[in-house]
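Below you'll find the structure, written out as structure tokens, and then a few comments.
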Amino acid sequence: MEKLSDIDLRILEALQSEGDITNVRLAELVGLSPSPCLQRVRKLRKIGYISGVSALVNLKKIANYITLYCQIRLSEQTMRQYSIFEKAIAKIPEIVECSMISGDYDYIMKLVVRDMSHFNEIMTFMMEMNIGIKNNASIVEVKKVKNTLEMPLRELIGAES
């Protein structure tokens, strides 16, 4: 892994909090002129430190919804069964996150649905898909306390801020 300079870290931190920042403004923030700043951003993309940019949609403006977390235990803990399950759930748009976990369950999924009836439809559909689900437990999000996509870059690499 290539070592990031302080300027590279400042660029990544700025882009995490404001992905649509202009190159001129970004250059001002990190103390570079625009051309070298743009070159650094392009390099960070090329070597994989920036994997994409997207807009954060204010879902509350669009629709009423419920966020749920669902833990899934598969009937078999085999690579074949994991693959079958993962390919199937990748096709369900309401599942916005899914991670394999340790403990009593194999996966935890985050779903965004219209209401509990919609969630029930999805769970019924998943059970009928015959993708190896043994049991599940769901948790309804009551209130989002913290929500960020900004990763603690300096804390993870032990860099001084």
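The numbers here are math on the coordinates, done by the rules we state, and not lab data. Nothing here was measured: the structure is a model prediction, and the numbers come from that model. As a convention, Cβ positions derive from the backbone with ideal geometry for all residues, glycine included, and neighbour counts pool all protein chains shown.
Computed quantities for the displayed model
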{"quantity": "Angle in degrees between helix 79-89 and the longest Cα principal axis of the chain, rounded to the nearest 10", "calculated": "80"}
{"quantity": "MRE, 222 nm, helices only [DSSP H, n ≥ 4, -39500 (n - 2.57), over the chain, to nearest 500]", "calculated": "-12000 deg cm²/dmol"}
{"quantity": "Spatially near lysine pairs across the chain, Cα under 18 Å, sequence gap of 8 or more or different chains", "calculated": "14"}
{"quantity": "Degrees, to the nearest 10: 34-46 long Cα axis against longest axis of the chain", "calculated": "30"}
{"quantity": "Positive-end residue, the stretch 59-140 charge dipole about Cα centroid, Cβ charges, pick of I92, G103, I131", "calculated": "I92"}
{"quantity": "FRET E, pair L156, E128, Förster distance 35 Å, beta-carbon r, rounded to 0.05", "calculated": "0.25"}
{"quantity": "5 angstrom amide H check on D106, placed H, neighbours 5+ away", "calculated": "I72, R73, L74"}
{"quantity": "Net dipole in debye of the chain [+1 Lys, Arg Cβ; -1 Asp, Glu Cβ; about Cα centre; nearest 20]", "calculated": "320"}
{"quantity": "D6 paired with L149, simple spin-label distance in nm, labels 7 Å along Cα-to-beta-carbon", "calculated": "2.9"}
{"quantity": "10 Å Cβ shell holding at most 12 others, DSSP loop, trypsin sites (Lys or Arg not before Pro): longest site-free stretch of the chain", "calculated": "4-90"}
{"quantity": "Rg ratio (alpha-carbon, reference 2.2 N^0.38 Å) - the stretch 59-140", "calculated": "1.08"}
{"quantity": "Among I92, I131, I47: highest mean-square fluctuation, GNM of the chain, C-alpha pairs under 10 Å", "calculated": "I47"}
{"quantity": "Cα-based helix-to-principal-axis angle, 6-17 vs the chain, degrees rounded to 10", "calculated": "50"}
{"quantity": "From phi via Karplus (6.51, -1.76, 1.60), per-residue ³J(HN,Hα) for the stretch 101-115 in Hz, x at Gly/Pro", "calculated": "10, 9, x, 6, 10, 8, 9, 10, 10, 10, 10, 10, 9, 5, 6"}
{"quantity": "Mean separation of Cα contacts under 8 Å, 6 or more apart, over the residue count of the stretch 6-55: relative contact order %", "calculated": "35"}
{"quantity": "Equivalent ellipsoid, the chain (semi-axes from 5 times Cα gyration tensor eigenvalues, Å)", "calculated": "39, 20, 14"}
